[in-house]
Amino acid sequence: MWQLLRRELKALWQDPWQLALISYIPLLGVLALWWLFSAGVPRQLPVAVVDLDNSQLSRMLLRQLDASPSITPVDYQSLFDAKAAMQSSNAYAIVLLPRGLSRELITSNQPTIDIRYNGQYLLVGKLLSSQIQLALASGLKQKGLLKQLSHGVPMGQAKINLNLIETQLTPIYNASTNYLQFLLPPVLLAIVQILAMLVFANALNRELRLNTLAQWFSLGAYRVIVAKLLLFMPLLLLHGLVIFTLLYEYLGLPLAGDYWQLLLAQGVMLLAVWLIVLSIFFALQESARVISFCTALFAPAFAFMGVTYPAKEMPLLAQWWREIMPSSHYIDTHLAVASHDQSYSDVAAQLGSYWGFLLLLPVLALLIRRTGMQLSQTGMQLSQTGMQLSQTGMKVSQTGKGEVS
């Protein structure tokens with residue numbers, strides 16, 4: 001096995017792209033993402049405001065919007081201009097204050113304030129939707145309170161009339177609604193999975209590029225597979241350890257459990273990725289197609305984790321796709337460990353969700369056997385061709401001797 005590990009180390013040293021994948025490229029990606037999410041909470045997002053009422057009430061509502069740290073209101077003269085701004089990403093939402101807003105409220109009617117946001121920006125859209133509604137509701141409640149007081153309603157009763165039931169929402173696991181805590185771990189996880197896929201696929205494709213597949217099988221197909229795994233698994237787990245140290249030690253994100261539990265779960269996830277890549281490699285046996293197929297499979301991993309969109313609300317086909325994504329199984333363990341301080345026995349029980357990937361083992365064994373038989377037949381054909389060429393050479397030599405004599 002040591003000779004096989006030396007073979008893999010030599011191959012790694014002679015491959016600059018593979019060296020980059022396991023060294024500085026992941027670190028640069030982690031630092032770039034940390035810088036991207038370092039603000040924690042989006043602030044001063046431009047919101048297009050169309051004020052058709054132009055009254056004291058509408059101007060007060062604009063001040064309420066401007067007071068929100070997440071909103072920067074930008075005045076537009078028409079809804080057409082506001083739509084153009086949102087389509088060009090100059091604004092992320094639109095607030096249309098209708099003409100006659102103040103008059104309708106005074107006459108106890110129910111005017112409609114049109115709020116639109118760009119749903120393509122999932123988190124930004126949800127944030128603006130809630131913040132705009134809170135800001136407008138606060139302003140309208142002040143107007144309603146003044147109206148009731150002007151009709152002689154006592155202050156206490158007026159507040160009760162406006163708020164029959166007071167609610168207080170306190171996020172348990174992300175009290176500050178910090179997007180760094182919410183998004184960075186799953187995004188980094190998706191990158192680790194793609195990185196593992198590329199590293200494993202490149203290690204396998206190298207055998208095709210250098211035409212050493214026959215040598216691989218002569219050394220023992222399963223032994224070489226184990227040698228590749230023993231080389232790259234610790235390197236990828238080391239990247240995971242660096243990420244957990246950055247998140248939970250340096251950045252100080254809350255972690256209820258132990259990040260060694262997360263490292264254990266990540267190791268199982270990498271084994272599942274390894275099985276998938278091996279199966280695709282032996283099924284296709286063509287470098288470009290292997291990379292393309294693996295990329296198409298693993299690239300949308302973040303969308304299927306159920307972090308930004310509830311997994312149970314996904315279409316049935318998307319839920320099936322989610323089940324074949326190793327990162328989707330890992331993220332459930334990650335969230336449970338980070339938020340609920342699960343024990344190692346609970347983590348082990350959750351790792352049982354990977355059982356479906358074991359079904360790839362007999363399929364992989366059949367694919368490896370088929371490849372070995374193909375290589376054996378090719379070797380026999382080459383041997384027969386060589387013997388025929390040798391016999392032809394002998395006949396030519398004998399004919400030449402006869403002509404000379």
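Positive contributions from Lys and Arg (+1) and negative ones from Asp and Glu (-1), summed over other residues with Cβ under 12 Å from the Cβ of residue 210, come out at +2.
As a fraction of the 1.4 Å probe accessible area of the stretch 59-131, surface on carbon and sulfur atoms comes out at 50 percent. Under the criterion of Cα pairs below 8 Å and six or more residues apart, the relative contact order for the stretch 285-335 equals 32 percent. What is the sum of charges, Lys and Arg at +1 and Asp and Glu at -1, for the other residues whose Cβ falls under 15 Å from the Cβ of residue 79? Cβ neighbours under 15 Å give a net charge of -2.
Entry comment: accessible area of the stretch 272-356 is 47 Å² per residue, from protein heavy atoms only and a probe of 1.4 Å. Between residue 348 and residue 79, the FRET efficiency from the beta-carbon distance, with R0 = 45 Å, is close to 0.20.
Can you tell me, using C-alpha contacts under 8 Å and at least 6 residues apart, the relative contact order of the stretch 56-134 as a whole percent? After rounding, I find 28 percent. Roughly how many whole Å is it from the C-alpha centroid of the stretch 319-367 to that of the stretch 203-228? First find each Cα centre; the distance between them is then 28 Å. Modelled label positions at residue 27 and residue 137, each set 7 Å beyond Cα in the direction of Cβ, lie 4.8 nm from each other. Counting only residues at least eight positions apart within a chain, or on another chain, the aspartates and glutamates with an alpha carbon under 20 Å from that of residue 228 are 8, 15, 207, 286.
Seen from a random direction on average, the alpha-carbon convex hull of the stretch 6-89 projects onto 8.5 square nanometres. Local charge for residue 241 was computed over the other residues whose Cβ lies under 15 Å away, with Lys and Arg +1 and Asp and Glu -1, and equals -2. Between residue 314 and residue 289, the simple spin-label model (points 7 angstrom out along Cα→Cβ) gives 2.7 nm.
Quick one: which of 321-332, 205-216 comes out on top by average Cβ neighbours within 10 Å, and what's the full order, highest first?
321-332, 205-216
The values are calculated or read from the model by the stated rules, or taken from the named source; none is laboratory data. All of these numbers come straight from a predicted model, not from anything done at the bench. Here the Cβ is made from the backbone with ideal geometry for all residues, glycine too, and neighbour counts use every protein chain on show. Heavy atoms of the whole protein, side chains included, go into the accessibility calculation; ligands, DNA and RNA do not. Shrake-Rupley method; radii C 1.70, N 1.55, O 1.52, S 1.80 Å.
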